[in-house]
Amino acid sequence: MTTDASAAPGAARAPRGRPVEVDPDQLAAIALALFDERGFDEVTMAEVADAAGVSRRTLFRYYPSKPDLVWGGFEEATARFEASLVAARSGAGSEAAAPTPIAELHRAYVAMAEFPPELLGVTRQRLRIIDAHPAVLAHGLAKFGAVHELLEPYLGESGSLRAHLLADLYVTTGFSAMRWWARNGTGTPAEAVDAALSLLEGEFG
C-alpha cells in the first residue's frame with residue numbers, strides 16, 4: 001500500500017538527548033506505516049517508539065497498546081458526530097427537545113465519516129488493519145457504545161426496543177460501509193456511509 005512520505009517509519013526520527021515535541025497523529029502515522037510495511041503482529045511498541053524518536057514511556061502515555069494506535073482518531077470522529085447533532089437541535093428552535101429527524105441524524109453520521117483528503121490514506125490503513133485482525137476489531141468495538149448512546153434518543157423513546165435496535169443498525173451499517181470503502185477504494189468514506197444509510201432508511205421509511 002502506498003503511504004505518504006511524512007508517514008515513513010523513519011520520518012520523525014529525532015536526535016537522542018533532545019526534547020521531542022510529540023504529535024500524537026504523527027506517532028500513529030509512523031506506527032501505521034510500520035504495520036503496513038512489516039505486518040501488524042511483527043511490529044512491537046518499542047520499535048514504534050524508536051522509529052518515532054520518542055521513549056516507550058512517551059508512546060505509552062499517548063497510546064497504551066498497538067490497537068490504540070490503529071483506533072486513533074475515533075474520538076475526533078465521534079466529536080464531529082455529536083457536534084452535528086447539537087447543531088441540528090439548536091437549529092430546531094422551540095422544537096429543540098424533540099428527537100432529531102432521520103435526515104438530520106443521517107447528516108450527522110455522514111459528518112462522522114468525513115476526513116480531509118490528506119488523511120484518507122491513513123484512514124484506509126486503519127480500517128484495513130481493523131478488518132484483518134479480529135483482536136484489533138474487538139478492542140475498538142466498545143468505543144461504539146458511546147455512539148450508540150448518542151443515537152438512541154434520536155430514534156424513538158430512549159430505552160425502547162425500537163430505538164435500541166435502530167441505533168444498533170446505524171452503528172453496524174455505518175462502520176460496515178467504511179470497511180467496505182477501505183477494501184474497494186472508491187470515493188470517500190463519507191460517500192460510502194451516505195449510500196449505506198440511504199439503503200438502510202429505505203427499508204424502514
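Scanning the range 105-137 for residues that are closer than 27 Å to Leu85 by Cβ and open to solvent by 60 Å² or more (accessible area, probe 1.4 Å) yields Arg107, Glu114, Pro117, Glu118, Leu119. Can you tell me which residue within the range 39-64, out of those that are of a type in the set (Gly, Ala, Ser), out of contact with any Pro (no Cβ under 6 Å at 6 or more places or on another chain) and open to solvent by less than 30 Å² (accessible area, probe 1.4 Å), is farthest from Asp194 (Cα to Cα)? Filtering the range 39-64 for residues that are of a type in the set (Gly, Ala, Ser), out of contact with any Pro (no Cβ under 6 Å at 6 or more places or on another chain) and open to solvent by less than 30 Å² (accessible area, probe 1.4 Å), the one farthest from Asp194 (Cα to Cα) comes out as Gly53. In the set Ala103, Ala111, only one residue is assigned to a helix (DSSP H, G or I), in contact with a Lys or Arg (Cβ under 8 Å, 6 or more places away or on another chain) and farther than 29 Å from Leu34 by Cβ; that residue is Ala111. For the range 144-167, enumerate the residues that are open to solvent by 50 Å² or more (accessible area, probe 1.4 Å) and either of a type in the set (Phe, Trp, Tyr) or not in a helix (DSSP H, G or I) (or both). Matches in the range 144-167: Glu157, Ser158, Gly159. Among residues of the range 102-122 that are over 11 Å from Leu151 (Cα atoms), those with a beta-carbon under 7 Å from a residue that is open to solvent by 50 Å² or more (accessible area, probe 1.4 Å) and outside any helix (DSSP H, G or I) at least six positions away or on a different chain give the pairs Gly121/Thr3; Gly121/Asp4. Contact annotation: residue pairs with Cβ atoms under 7 Å, 6 or more positions apart or on different chains, pairing a residue in the range 56-85 that is touching a residue at least 60 places away in the same chain (Cβ under 8 Å) with a partner that is buried (at least 16 other Cβ atoms within 10 Å of the Cβ) and not in a helix (DSSP H, G or I), are Leu85/Thr100.
I need the full set of residues from the range 65-84 which are within 22 Å of Ala138 (Cβ to Cβ) and open to solvent by 70 Å² or more (accessible area, probe 1.4 Å), in order please. Once the filter is applied, which keeps residues that are within 22 Å of Ala138 (Cβ to Cβ) and open to solvent by 70 Å² or more (accessible area, probe 1.4 Å), the range 65-84 yields Glu75, Glu76.
What are the residues in the range 168-188 that are at pLDDT 85 or above and either of a type in the set (Phe, Trp, Tyr) or not in a helix (DSSP H, G or I) (or both), if any? Hits for the range 168-188 are Tyr170, Phe175, Trp180, Trp181, Gly187, Thr188.
The values are calculated or read from the model by the stated rules, or taken from the named source; none is laboratory data. Just so you know, these numbers come straight off a predicted model, no measurement behind them. Virtual Cβ from ideal backbone geometry, glycine too; neighbours counted across all protein chains shown. In case anyone asks, the SASA skips ligands and DNA or RNA and just uses the protein heavy atoms, side chains included. Shrake-Rupley method; radii C 1.70, N 1.55, O 1.52, S 1.80 Å.
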